[in-house]
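Engineer: Below you'll find the structure I mean.
The values are calculated or read from the model by the stated rules, or taken from the named source; none is laboratory data. The shown structure was predicted, so the numbers you read here are calculated from the model rather than taken from an experiment. For neighbour counting, all protein chains shown are included, and Cβ atoms are generated from backbone atoms with ideal geometry for every residue, glycine included.
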Amino acid sequence: MRLPLLWALPYFAPCLAAAEPSFYRDVRPILQQQCASCHRPGGASSGLDVTTYSALAAGGKRGAAFVAGQADESLTVKYLLAVAQPRMPLGGAALPNDQVELIRAWINAGAKDDSPAVETSTAKPALYSQAPVITAVRYSPDGQLLAVAGNGEILLHRADGSGLVSRLPGQAERLLSLAFSRDGKILVAGGGTPARFGEVQVWDVAAAKPLRAMKLTTDTVFGASLAPDGSRIAVGCADNTVHVFDAKSGEEAYKIGNHENWVLSTVFGVNSQRLVSVGRDRAAKLVDAATGRFLENVNLLRGELTAVARHPAKDIVVLGGEERVPYVYLMDRPKNMKIADDTTLVRKLGRQNGPIMTLDWSPDAQLIAVAGAAPEVNLYDAGTGELRWALKGHAAGIYSVTFSPDSKRLAAAGFDGQVRLYDTSTGQLVKAFIPVPMAAMGGAQ
Amino acid sequence: MKYLLVNSLVAVSLSAAEAPVTYLKDVAPILNKAGCTSGPCHGAAKGKNGFKLSLRGYDPQFDYEALLYDLSGRRFNRAEPGKSLMLAKPTQEIAHGGGLRFEKNTTYYKTIFNWIAQGVPYGDVAKDKVASIQVEPTEIAMPKPGEKLALKVTATYPDGTTREVTREATIESNTPDVARVDTASATVAGERVGEATLLLRYEGKYATIPVAVLNPKPGFVWKPLAQHNYIDQLIDAKLQKMKIQPSPLVDDAAFLRRVSLDLTGQLPAPDEVRAFLADNTPNKLKRSKAIDKLMAKPAYVDQWTMKWGDLLQSSRKFLGEKGTYGFREWIRESLAANKPYDVWVRELINSSGSSYESPEANYYRTTRDAKATMEKTTQVFMGTRMVCAQCHDHPFEKWTQNQYFEMSAFFSGVGVRPGYEVGEEIIYNQRSDFAMKHPKDNRVMEPKYLVAAAGVPPLPPHDLDARKRREAFANWLTSRENPMFAKSTVNRMWSYFFGKGIIDPVDDIRASNPPVNAALLDALTKDFLAHNFDLRYLMRTIVNSRAYQASIATNEWNAGDTTNFSHATPRRLGAEQLMDAVSQATGARPDFPEVPEDTTATQLPDPHVGKEGFLDLFGRPTRETACECERRTELSLPQALNLVNGGTISDAVADPKGRVAKLVLSGRPDAAIVEELYLASLSRLPSKAESDSGLAYLAGGPRAGRAQDLLWALLNSKAFLYSW
């Protein structure tokens, strides 16, 4: 049974007096743990989102979430203490007294926002006793480096796999996408910690230092892409939105809410003017990259979509996912086309042996690489759609593939924790290596 | 298509103390037991909050691949296992819509932790997949309520190794108010006298434990009653064991009413009742003769034509008017000729041609799709519901999704095309492009029998043409060795006479729904087969038993029994029976539109006639599904209001050409009128008190109006609405 408030208050008051209650440090984690599974961005119950200060301050359908200085007049406290019905968390156990008291203390102290304005993401590099899954690989534009997403860090390897150059550890546990700027100076990584926060990291490649990190939503972000002109960064989110940032300032430019399920990948058009996003709602949406205004659906709805990649010089995209078939579409779909008209479909590539998780189009425009839950990468002739090579050697599914800038190499990695490099002209495996230093097994190869 | 199984991809040296953990053997059972794969959670058809698992984990490989490949394996973290989402969520370290599933200090947590630390291996199907489960005890008989017993479940793996899995097994009682299961302690407690079945599940394997909680009351002495046939022997054997004393025979009048309604759907006429009561032949023989007489009546054929019309969904909604009449006549002729059951079922399954010239081919017009035909066929002729297995393996049976499509493949070659006459359709065997495909991966499913039947030749591995597919199916279905065909039919027929199957519901036979008296069901099945699928013989055997002829009155030992047929149970008349009984009792001739004069409710061709009237109110089946549950037999308020205030009864009793009018005009004395009205409605003579109050009422006002009132009152009594 809950303790009577009058009794509890003096009991807790002394220990709270020791430090000013902090939103960021104290209150936010409680809300995150206890409330955010319903009150989160995208489908927030009662219109209330508790995941950031600004969202909480905006309140919900029932009114303001708090009245600064007056905890017991605040709706949040009323619902937690069953003064207002239904008692929160709905259907779950009541919050422990100390947590309620922290929230009360914070509101009574003025409900101030102490969330840091600009964050960078740093942490200690991880120690590995076994290889983590590899969620992303990407070559630098000069072809010198191969960026690999490990556990809570990015590892920069020499492109031929001959050695580790540097490690870029951050707060996000998983980084699901990597993108270099055209000049190779900047590396953007999108990810986060599942069911906790999303993060976009911007790194100075040469200095191996973080420039900034943007935290957003309560889950990882997916399919981060950088506009070819370096102006914008787009990421897909688990709250069904696409967030677009100004790459220079890290300010959010706008947010797109036209998807109906998680958005898993994004790609900009050749001239950076437009943006395509794909997701679990099976849709590929084309928007104006300057404003976020919706233009057209690129595809006909089939299976859930996981990956999208663009032709290096034309506005043509290849997309794929659950249905296992990669579709090559013109990015533009004239407005006057009828709903079932599929004439902007350039071609279908072969059916894969498992759901598609990653796609890439070679910089020389000749090849399309397709991989996913099946342990093989299929290389197709982009011009004819014929299968050029089925690249073998993986022991399990593949999460990421990427072509080298000269299109001669393909790097692939996934569940088994190894990076494999292939010769795209012969289909032969050139090298395989574990990209993380292994504590128990004597470090990286 | 299964694309990969991962086994120890990442070299990890296990310390000797740490046993290897695999998904198949260790992790999947936890996800099932913790409820992750349950229907309201991630086992839902669309998953939950973006994470989908197979329902109750029936497809461990799908689930494993979901963990590995959905969103790049976000739910485990091999580098830091403790940070894995699949540990943080169920322990509610972070918000989880499904709440707390297990705590951090549990073996579940440690097992999953170790599995991740070992690199998330799948395991070896040949080694880690459960081959069978064994339960202890295998049968429970508690001497009295209030006792408690521990249960034990052991899994056996293909290599013969075993391990105890009681904690991870799911244990449920089908009658918790008799035997209550406490999941946490894996015990069963006897709550009250009666019987229950425990269903134990573990990784797709099932076992059942019958539980009997005996009556602890002292002083039970078995008083044997005369046994009419083997049915009584087998029922008595069980009753004696359960310390239940059966009720004796019901009196003659009630017997005649009950058996007339059950066999012909009609009440006995007053003169028939009188003659039966006056007959001094020894009781058993007298009843047996009455049964034979009833089975020789045309109304007997009407009654069973209607029942089979329900099951075969004979309705103009699917068949058109002419088609319905044709199909109905085919059913009627088969039953009138007492064609062996297996013969006419084979005729249905193998039917082809014009729906007008070969009316049995209408079987394929009600369910025009191979899957729907398969579902109907298995439900009607095998008492088995396959429908769950269309989307996932059956949760309470061994049927798999593959079997659903393999069975459907027997019917995938059946084609329906328009005929030459209006409303005519032709059923034909398609020559090409009729492969049944699995929806998951479009693989062609070859026909395959659901269960083996000895003596039925094996199917060729492929290329069976459409005609041969159905022939093979028909032969297998109606084989004497088919363990479900004869048995399910016997059980279904039994339910028509007792209100309840030996397995109930009769069309949901499965391992988790065992018979209440297996010996009885087996003996009936054997007898049915020995008499060449003779439905009349089967019915005659059933209604001749003492069990069928028992009274509804109970004694101190069988008052609580609802399962062992130790006494009869009052059953509300079916819609058509009731309608016809009103006509018979009142003498008001039935008056349905679109059918010849004097057509009874039982004789109506399909539910189109008299739609939305009295019959539908009283639960006439709509013939839209093959489920026995379509016929409703409850008594509802709108029904009661209709009887009291509606026109059906009041108009019938006041019919100027009806029974009351004729009786009053006949000039017979009041006593004769009262007696006749009781016989016509309740099929029995009034008691002295009933007769006296009836006479007093008739004398108290205008005779015709008073007689109508009396009949109206009788028709509104429970004794009229029920068979007892």
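Engineer: Within segment B:612-628, is even one residue touching a residue at least 60 places away in the same chain (Cβ under 8 Å), hydrophobic (A, V, I, L, M, F, W, C) and over 30 Å from B:ILE509 (Cα atoms)?
Structural biologist: Checked against the condition, which is being touching a residue at least 60 places away in the same chain (Cβ under 8 Å), hydrophobic (A, V, I, L, M, F, W, C) and over 30 Å from B:ILE509 (Cα atoms), segment B:612-628 yields no hits at all.
Engineer: A further question on this structure: Residues to consider are B:VAL120, B:VAL135, B:VAL153; find the one that is within 32 Å of the chain's Cα centre (by Cα) and over 26 Å from B:LYS241 (Cα atoms).
Structural biologist: Of the residues listed, the single one that is within 32 Å of the chain's Cα centre (by Cα) and over 26 Å from B:LYS241 (Cα atoms) is B:VAL153.
Engineer: Of B:THR586, B:THR554, which residue is out of contact with any helix residue (DSSP H, G or I) (no Cβ under 6 Å at 6 or more places or on another chain) and of a type in the set (Ser, Thr, Tyr)?
Structural biologist: Step by step, each of B:THR586, B:THR554 is checked, and only B:THR554 is out of contact with any helix residue (DSSP H, G or I) (no Cβ under 6 Å at 6 or more places or on another chain) and of a type in the set (Ser, Thr, Tyr).
Engineer: If you don't mind, there's one more thing I want to ask. Which of the residues belonging to segment B:105-133 are in contact with a helix residue (DSSP H, G or I) (Cβ under 8 Å, 6 or more places away or on another chain), within 14 Å of chain A (Cβ to nearest Cβ) and in a loop (DSSP other than H, G, I, E, B)?
Structural biologist: Scanning segment B:105-133 gives B:VAL120, B:PRO121, B:TYR122.
Engineer: Scan segment A:13-45 for residues that are surrounded by fewer than 17 Cβ atoms within 10 Å (Cβ to Cβ), away from every other protein chain (no Cβ under 11 Å) and either within 20 Å of the chain's Cα centre (by Cα) or at pLDDT 85 or above (or both) and jot them down.
Structural biologist: The one that is surrounded by fewer than 17 Cβ atoms within 10 Å (Cβ to Cβ), away from every other protein chain (no Cβ under 11 Å) and either within 20 Å of the chain's Cα centre (by Cα) or at pLDDT 85 or above (or both): A:SER22.
Engineer: Oh, and also: Name the residues in segment B:516-543 that are surrounded by fewer than 18 Cβ atoms within 10 Å (Cβ to Cβ) and under 18 Å from the mean Cα position of the chain (by Cα), would you?
Structural biologist: B:ALA518, B:ASP522
Engineer: Here is a follow-up. What are the residues in segment A:378-414 that are closer than 23 Å to A:SER265 by Cα and either outside the structural domain of A:ILE434 (by TED's automatic domain parsing) or among the aliphatic types (A, V, I, L, M) (or both), if any?
Structural biologist: The answer is A:LEU379, A:ALA382, A:ALA396, A:ILE398, A:VAL401, A:LEU410, A:ALA411, A:ALA412, A:ALA413.
Engineer: Another question about this same structure. Read through the list (1) outside any loop (DSSP other than H, G, I, E, B); (2) within 14 Å of chain A (Cβ to nearest Cβ), then give the number of the only condition that B:ASN77 fails.
Structural biologist: Unmet for B:ASN77, out of (1) outside any loop (DSSP other than H, G, I, E, B); (2) within 14 Å of chain A (Cβ to nearest Cβ): (1).
Engineer: What is the residue count in segment A:405-418 for residues that are within 23 Å of the chain's Cα centre (by Cα), away from every other protein chain (no Cβ under 14 Å) and farther than 19 Å from A:ILE356 by Cβ?
Structural biologist: The number of residues fulfilling the criteria is 0.
Engineer: To continue, here is another question. Have a look at A:ASP98, A:ASP72 and point out the one that is at pLDDT 90 or above and either within 25 Å of A:GLY257 (Cβ to Cβ) or outside the structural domain of A:ASP219 (by TED's automatic domain parsing) (or both).
Structural biologist: Testing whether each residue is at pLDDT 90 or above and either within 25 Å of A:GLY257 (Cβ to Cβ) or outside the structural domain of A:ASP219 (by TED's automatic domain parsing) (or both) leaves just A:ASP72.
Engineer: Which count do you get for residues in segment B:170-186 that are touching a residue at least 40 places away in the same chain (Cβ under 8 Å) and not in a strand (DSSP E or B)?
Structural biologist: Matching residues across segment B:170-186 total 1.
Engineer: Moving on to the next point. If you take the residues in segment B:80-96 that are surrounded by fewer than 21 Cβ atoms within 10 Å (Cβ to Cβ) and assigned to a loop (DSSP other than H, G, I, E, B), which one is farthest from the other protein chains (Cβ to nearest Cβ)?
Structural biologist: So, considering only residues that are surrounded by fewer than 21 Cβ atoms within 10 Å (Cβ to Cβ) and assigned to a loop (DSSP other than H, G, I, E, B), the one farthest from the other protein chains (Cβ to nearest Cβ) is B:THR91.
Engineer: Name the residues in segment A:307-336 that are surrounded by fewer than 14 Cβ atoms within 10 Å (Cβ to Cβ) and either of a type in the set (A, V, I, L, M, F, W, C) or under 28 Å from B:GLY50 (Cα atoms) (or both), would you?
Structural biologist: A:ALA313
Engineer: Of the numbered conditions (1) in contact (Cβ under 8 Å) with a residue 60 or more places away in the chain; (2) surrounded by 16 or more Cβ atoms within 10 Å (Cβ to Cβ); (3) in contact with a Lys or Arg (Cβ under 7 Å, 6 or more places away or on another chain), B:ILE427 satisfies every one except a single condition; which is it?
Structural biologist: (3)
Engineer: Moving on. Given the conditions (1) in a loop (DSSP other than H, G, I, E, B); (2) at pLDDT below 90; (3) in contact with a helix residue (DSSP H, G or I) (Cβ under 7 Å, 6 or more places away or on another chain); (4) not aromatic (Phe, Trp, Tyr), which single one is not true for B:GLY99?
Structural biologist: Only one criterion in (1) in a loop (DSSP other than H, G, I, E, B); (2) at pLDDT below 90; (3) in contact with a helix residue (DSSP H, G or I) (Cβ under 7 Å, 6 or more places away or on another chain); (4) not aromatic (Phe, Trp, Tyr) is unmet by B:GLY99, namely (3).
Engineer: Identify the single condition in (1) more than 26 Å from the chain's Cα centre (by Cα); (2) surrounded by fewer than 21 Cβ atoms within 10 Å (Cβ to Cβ) that B:MET295 does not satisfy, given that it satisfies every other one.
Structural biologist: B:MET295 satisfies all of (1) more than 26 Å from the chain's Cα centre (by Cα); (2) surrounded by fewer than 21 Cβ atoms within 10 Å (Cβ to Cβ) except (1).
Engineer: Kindly indicate whether A:GLY170 is on the phi > 0 side of the Ramachandran plot and out of contact with any Phe, Trp or Tyr (no Cβ under 6 Å at 6 or more places or on another chain).
Structural biologist: no
Engineer: Out of all the residues in segment A:281-290, is one or more assigned to a loop (DSSP other than H, G, I, E, B), closer than 12 Å to A:ARG333 by Cα and assigned by TED's automatic domain parsing to the domain that holds A:SER177?
Structural biologist: no
Engineer: Being assigned to a strand (DSSP E or B), within 14 Å of another protein chain (Cβ to nearest Cβ) and either small (Gly, Ala, Ser) or farther than 23 Å from A:GLY184 by Cα (or both) is the filter here, so list the residues in segment A:199-257 that pass it.
Structural biologist: Passing the criteria: A:GLY223, A:ALA224, A:GLY236, A:CYS237.
Engineer: Given the residues A:LYS215, A:LYS209, A:LYS248, which is the only one that is of a type in the set (Lys, Arg) and within 18 Å of the chain's Cα centre (by Cα)?
Structural biologist: Result: A:LYS215 is the single residue among A:LYS215, A:LYS209, A:LYS248 that is of a type in the set (Lys, Arg) and within 18 Å of the chain's Cα centre (by Cα).
Engineer: How many residues are within 14 Å of another protein chain (Cβ to nearest Cβ), touching a Leu at 6+ places or on another chain (Cβ under 9 Å) and not in a strand (DSSP E or B) if we restrict to segment A:258-275?
Structural biologist: 1
Engineer: Here is a further query. With the requirement that a residue be farther than 22 Å from A:PRO228 by Cβ and either without any contact (Cβ under 8 Å) to a residue 40 or more places away in the chain or not in a loop (DSSP other than H, G, I, E, B) (or both), what does segment A:162-181 give you?
Structural biologist: A:SER162, A:LEU164, A:VAL165, A:SER166, A:ARG167, A:LEU168, A:PRO169, A:GLU173, A:ARG174
For (1) in a strand (DSSP E or B); (2) surrounded by fewer than 21 Cβ atoms within 10 Å (Cβ to Cβ); (3) out of contact with any Pro (no Cβ under 8 Å at 6 or more places or on another chain), each residue gets a yes or a no:
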residue: A:ILE134; (1), (2), (3): no, no, no
residue: A:ASP142; (1), (2), (3): no, yes, no
residue: A:ALA147; (1), (2), (3): yes, no, yes
residue: A:ASP160; (1), (2), (3): no, yes, yes
residue: A:GLY192; (1), (2), (3): yes, no, yes
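Engineer: Continuing with the same structure: All but one of (1) more than 13 Å from chain B (Cβ to nearest Cβ); (2) over 18 Å from A:ILE233 (Cα atoms) hold for A:PHE180, so report the exception by its number.
Structural biologist: (2) is the only condition that A:PHE180 fails.
Listed here are the residues, each with its yes/no results for (1) surrounded by 19 or more Cβ atoms within 10 Å (Cβ to Cβ); (2) of a type outside the set (D, E, K, R).
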position	(1), (2)
B:ALA126	no, yes
B:ILE133	yes, yes
B:LEU151	yes, yes
B:TYR157	no, yes
B:ALA169	yes, yes
B:ASP177	no, no
B:THR183	no, yes
B:THR187	no, yes
B:ALA196	yes, yes
